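Engineer: Below is a structure I'd like to ask you about.
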Amino acid sequence: MRTYLSLFLLVAVLFLAGCAQTGGQVQREYVCSNGAIVVNASQCPPAQQVVEQADPEMKTCEEMPESDRIPFSDYCYMGLAYKRGNATLCRKLSESRRADCYSGLALLKSDVTICDAAGTQKNNCYSNYAREKDDVTACDKITETYIKDSCYSQYASKVGDSTVCEKIRTLNPKDSCYSNLASSQCDSSLCNKIANNNTKDNCLRNVQYCGGQSPNQPPKPVG
């Protein structure tokens, strides 16, 4: 009886050894990032494929049909960026629509720093944020003079703050800023801040008309 038991154990050991070896090499298992079990790491699916499998919303946007007239994938990625509050998804959009994604998300989250990632369109993003949020500090972040001056001018006109006109670097836009506010506020003192004499005279006339005097009459001296 003992002989039969010894023979059975020997056969079992040989059988298990045969299952664990193929061609003299031990078979090892590798677990991929998506949970798949393979023999070699090179057999794992690409990382992007794993992400898409784990993120069905991203895969939906990726599989959107291409169209010259309607950018389905752009709208999909933009909506997903807004839904998740994730600015990195704006990079998925085509370059022509990427700025809208950053700008819209900055407004949605009330965070102007999101515009920092908008690349060549970040100045327009800052300007749009300043206009929609009445935040003059967003104008301060603009690096291009023309856009920056326009941002200050729009803000000053909208909120009626003449001190912002002083921030404008270009002469004509600065004069126009003071002139517009002087007319809207019937404040002739703002006309005196205008450098161009013709613009100043027109400003004074407009202020006099604002007070009920005919604009054809010569302006009254101020000060």
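Engineer: When the chain is fully extended, how far beyond the present Cα-Cα distance does residue 95 get from residue 166, taking 0.36 nm per residue of separation?
Structural biologist: Separation in residues times 0.36 nm, less the Cα-Cα distance, equals 22.1 nm.
Engineer: For residue 133 and residue 210 in the same chain, what is the full-extension length gain: residue separation times 0.36 nm, less their Cα-Cα distance, in nm?
Structural biologist: Full extension of this stretch gives 24.7 nm more.
Engineer: Rounding to the nearest 20 debye, state how big the charge dipole of segment 48-143 is about its Cα centre with +1 on each Lys and Arg Cβ and -1 on each Asp and Glu Cβ.
Structural biologist: 180
Engineer: Here's something else I'd like to know. Pull up the cross-link candidates among the aspartates and glutamates for residue 141, meaning alpha carbon to alpha carbon under 17 Å and not fewer than 8 places away within one chain.
Structural biologist: Within the straight-line limit of under 17 Å, residue 141 reaches these aspartates and glutamates: 111, 116, 132, 149, 166.
Engineer: Take the Cβ-Cβ distance between residue 111 and residue 195 as r, set R0 to 41 Å, and report the resulting FRET efficiency rounded to the nearest 0.05.
Structural biologist: For R0 = 41 Å, the calculated efficiency reads 0.65.
Engineer: Here is a follow-up. Going toward the positive end of the dipole of segment 48-143, with +1 on Lys and Arg Cβ and -1 on Asp and Glu Cβ, which of 106, 75, 96 do you reach last?
Structural biologist: So the residue we want is 106.
Engineer: Continuing with the same structure: How many nm separate the modelled label positions at residue 120 and residue 39, each set 7 Å beyond the Cα in the direction of the Cβ?
Structural biologist: 5.2
Rule-based calculations on the coordinates, nothing more; no lab input. Just so it is clear, the model here is predicted, and its values are computed rather than measured. Cβ coordinates were reconstructed from backbone atoms using ideal geometry, including for glycine residues, and neighbour counts include every protein chain displayed.
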